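Since the structure comes first, as structure tokens, the remarks are kept for the end.
Every read-out reported here was derived from the displayed coordinates using simple, explicitly stated rules and does not represent laboratory data. Note that the structure is predicted; figures quoted are calculated from it, not measured. Positions of Cβ are generated from backbone atoms using ideal geometry, with glycine treated the same way; all protein chains shown enter the neighbour counts.
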Amino acid sequence: MQNHSRIAAALLTSTMLASPAFAQDSDATDTTRFEEDVIIVEATRRASNIQDIPIAVTAITPKQLERQGITSIKDLASVAPGFNIQSSQTETQGTSIRIRGVGTTGNNIGLESAVGVFIDGVYQSRPGIALGELVDIEAIEMLRGPQGTLFGRNVTAGALVVRTKKPEMGQTGGFANLTYGNYNMVNVQGGINVPAGENLAFRATGSLHKRDGFLTSSVDPDAESHNRDRFVLRGQALWEPTDQTSLRLIADYQDVDENCCAAVTLSASPNLTTAQRDARFPVLGFEDSLEAQVFNDQEFVNNVESYNFSAELNHDFGGATGTVILSYSDFLGNSVQQDFNAGQQYSVGGLTVPASDRTSFDDIQTFTAEARLQGEAMDGRLDWLVGGFYAQEDIVEEFTLGLGSDYSALVGSANFPIGPVSSSFLSLYAGAGAFIQQLQLGNPNPTFAPLSADGQYARNRFEQDAESFSVFTHNIFSVTDSVDLTLGARYVDDSKDGSFDQVAVGGNSCLASATFLATATAAGAGDPAAAGAMGALGAAIGPATLGLLTNPALIGGGGFLNCFPFASPAIGSGFIPDAFAALPFIPQEFSDNFSDDELVYTAKLSWEPNPDLLVFGGFTHGYKAGGFNLDASAAQAGADPRFNSELIDAWEFGFKKTLADGRFRFNVTGFHQTMDDFQVLEFTGTKFQTFNVDDVSSKGVEVELNGRLSEAVFINSGVTYADANYGEDCDRGGTIAPASGLCDNVLTNAPKWSSVLGITYDGDFLDTDWGFLANVNMNYQSKRRTSTNPLVAGTAVPIPFDYQDGVAKFNARVGFTMPNDLVSIEFWGLNLTDEITRGITFNTAVQGASRSAFLEPPRQYGVTLRSQF
């Protein structure tokens, strides 16, 4: 057995052995249940003890959030094994969440997430929308596996259910937290609760979080990346006019102004000269880039402004309780993205784009409505729930990518090992097309001159209007006093209208290259006019250069790279002749419809032989809607821009055991999940490809042991083994020809072993009235893949820098609290051993055989003051 499995087993064994030790503690005979001994969750839309529901769920309390310094969903891996979240060049669009090794790759706004996030009952349609600050949280529940018969939106991998604290009747109070740390980090959080009479209360919370970036630029001493600059404000009102009725209104605002997310360069193209590498990549090499935490580029920009409103009405009709939740959100994210090297190759919304078209944004407007009715029947033996859900989502994404002064020379050198001429290869290629265009326009004596791609740009607009309607039911029937049968179903109907339109185009290098390629192809097919044009070109530039430009190994590549799809004129836009539609590298506008429906269902059986043991098992069929690849390359050469819906069949078996007078929870779940039409996105270095994969599975076991060793000493531990793989037959049906190397390989960012182990003392300090807190927590992940495709395109060669080695990260916190809990001070550290790890590794854009990576946070430390009033 490998070392990582020994580590995980040792951690689990050590925490299990803690239980008998507790049984001998002087407090063992005390049957008093402390606050943390019973965890109430609402995973079944009913308030239940976490030990009494047949669902694999991890509950994270406000105290756990404080002890681990969790201020964002991105930090949850420190307390929840089997959870992984990564971001690429923008957090708003390029964030991916995984549970049990299963998730949806980010970087395409047309993809819904396999892991759904629900905040106060409202579905967040994209992970990036949910990445705001976690402030004033009541609880977080992490449900594993497909969900669909309880929540507003069906998901295939799991759900994060976040509940903020409600306004409290008849109680005035509040809190304030101030944190300062390295990288000049300042985080101010505060909230106040104000009652207004006997049945009305208001609550307001806010957060301001600032921090310098942990990556610095080798190009610009003032540039940074992965900083924090976030402001969040939330207001709530709770009205309870009668004992049977309540109305909760929530409004929140978020403003983000950050530099995210640059990547470090691991390797440059071997086709570049030493001088070119040194000029464009001042810091280069696997070890140097990681340890120095330096990126070779200008600043990235990621700005967000969002508004969210929701209303929840509950009424007890006597025999049943009704709930209605309405929500509206408007999320606007703006970004500027660079080319990952020191040159002026390209930018998105940056300096290589004319000021009049310098735009790059995502605008997502979402309306949801959910209604539920639940109650009991058959003398309490049947707990029933029925409901309906409707969602309307309107997406507008617009961005302009422009090529810069270094594009032709650097890209030619990086992609074509053809000697000195490579530095101007693309310019020669486009110049040949311009020569032929002059002939076609009737110029009898055309002149040949290289034509640079500098100034080529395209402003592209993508839209998607989506509607989803579903009806669902979830019912628990008590077969006997100790056996329950859970049956649930959801019928869901999804429809989407997607389109790509080109707003503006500048430059003519792509059109010239396309003209040359079309002429060369026609000449090879015997077309006299094309042969005459190629003959005239050969006379002007010489047979050697013409032979180079018509080399079969290079001709398509040269045209393709001059027609970088994000910066090229598109078929249907009027900026390029429709006759070029057959060229595989020319983008094409599209407007199409996607629709699908599915029956989602679950059946689970649970047996409670005694109050301290629950044994359960069941099956769930899940579904996640397909849609559109909202990308300029989606419909090239007439390809279908749509991708199929994702289906999952999941089996679960486990038990939940309560130990030591209810102070320990020992839970074990085994799972086996198989997926059809698994949705995958891959960046090839020149475009994004979205496709479906069959024969994908995730199987394994999850173990958790949590509780208290004494009145003041707590432990939290968990181990997940998840074998998440593309099967040997994953390319059946020819659905993944672009990435057939996936088959018989593990999924991306899916470590087989992950574990957490934490111990906390939270009690009196030396028999005084002061409180003392000491916490140490470890999060371990075994070796994991960080790329989509494990092989170099078209070969059986493993792709460089794919795997991130296994690593353990340690957090710690020590704090003191004044009498009456008025003020506390805490000293803390995250990733104390400063492990520098990669989250996503990718093919650097238009840099042949070059690799870059997005890093995870380094060591952070600081001090926090807390006050309650």
Requested in this report: All but one of (1) surrounded by fewer than 19 Cβ atoms within 10 Å (Cβ to Cβ); (2) among the small types (Gly, Ala, Ser); (3) more than 21 Å from the chain's Cα centre (by Cα) hold for Gly685, so report the exception by its number.
Outcome: (3)
Requested in this report: State the number of residues belonging to the range 329-379 that are under 18 Å from Asn303 (Cα atoms), surrounded by 24 or more Cβ atoms within 10 Å (Cβ to Cβ) and in contact with a helix residue (DSSP H, G or I) (Cβ under 6 Å, 6 or more places away or on another chain).
Outcome: 0
**Report entry** Residues of the range 247-273 that turn out to be farther than 30 Å from Asp212 by Cβ, surrounded by 18 or more Cβ atoms within 10 Å (Cβ to Cβ) and of a type outside the set (Lys, Arg), as a count
**Finding:** 4
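Residue-by-condition table, conditions (1) buried (at least 24 other Cβ atoms within 10 Å of the Cβ); (2) assigned to a loop (DSSP other than H, G, I, E, B); (3) free of Cβ contacts under 8 Å to residues at least 60 places away in the same chain:
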residue: Ile97; (1), (2), (3): yes, no, no
residue: Asn107; (1), (2), (3): no, yes, no
residue: Gly110; (1), (2), (3): yes, yes, no
residue: Ser113; (1), (2), (3): yes, yes, yes
residue: Ala139; (1), (2), (3): no, no, no
residue: Arg153; (1), (2), (3): yes, yes, no
Report summary line: Sole miss for Asn193 among (1) without any contact (Cβ under 8 Å) to a residue 40 or more places away in the chain; (2) in contact with a Ser or Thr (Cβ under 9 Å, 6 or more places away or on another chain); (3) polar (S, T, N, Q); (4) under 30 Å from Asn259 (Cα atoms) is condition (4)
Query raised in the report: Within the range 535-545, is there a residue that is assigned to a strand (DSSP E or B), in contact with a helix residue (DSSP H, G or I) (Cβ under 7 Å, 6 or more places away or on another chain) and closer than 30 Å to Gly431 by Cα?
Result: no
Requested in this report: Name the strands (runs of 3 or more DSSP E) wholly inside the range 763-846 in which the number of residues that are of a type outside the set (D, E, K, R) and under 23 Å from Glu711 (Cα atoms) is 1 or more.
Outcome: 771-781, 807-817, 823-830
Report task. Please list, ordered by first then second residue, the pairs with beta carbon atoms under 7 Å, 6 or more apart or interchain, first in the range 262-291 and free of Cβ contacts under 8 Å to residues at least 60 places away in the same chain, second surrounded by 22 or more Cβ atoms within 10 Å (Cβ to Cβ) and assigned to a loop (DSSP other than H, G, I, E, B). Result -> Arg277/Ala268; Leu284/Ala268
Query raised in the report: Within the group Leu583, Leu605, which residue is over 27 Å from Arg144 (Cα atoms), touching a Leu at 6+ places or on another chain (Cβ under 8 Å) and either surrounded by fewer than 24 Cβ atoms within 10 Å (Cβ to Cβ) or of a type in the set (D, E, K, R) (or both)?
Result: Leu583
Query raised in the report: Has the range 158-178 got any residue that is without any contact (Cβ under 8 Å) to a residue 40 or more places away in the chain, in a strand (DSSP E or B), more than 30 Å from Thr366 (Cβ to Cβ) and among the hydrophobic types (A, V, I, L, M, F, W, C)?
Result: no
Query raised in the report: Which residue out of Leu410, Leu451, Leu426 is touching a helix residue (DSSP H, G or I) at 6+ places or on another chain (Cβ under 9 Å), surrounded by 21 or more Cβ atoms within 10 Å (Cβ to Cβ) and assigned to a loop (DSSP other than H, G, I, E, B)?
Result: Leu451
Report summary line: Gly572 passes all but one of the listed conditions (1) surrounded by fewer than 20 Cβ atoms within 10 Å (Cβ to Cβ); (2) within 30 Å of Ala660 (Cα to Cα); (3) in contact with an Asp or Glu (Cβ under 6 Å, 6 or more places away or on another chain); the exception is number (2)
Query raised in the report: Given (1) at positive phi; (2) surrounded by fewer than 23 Cβ atoms within 10 Å (Cβ to Cβ), where does Gly707 come up short, assuming only one miss?
Result: (2)
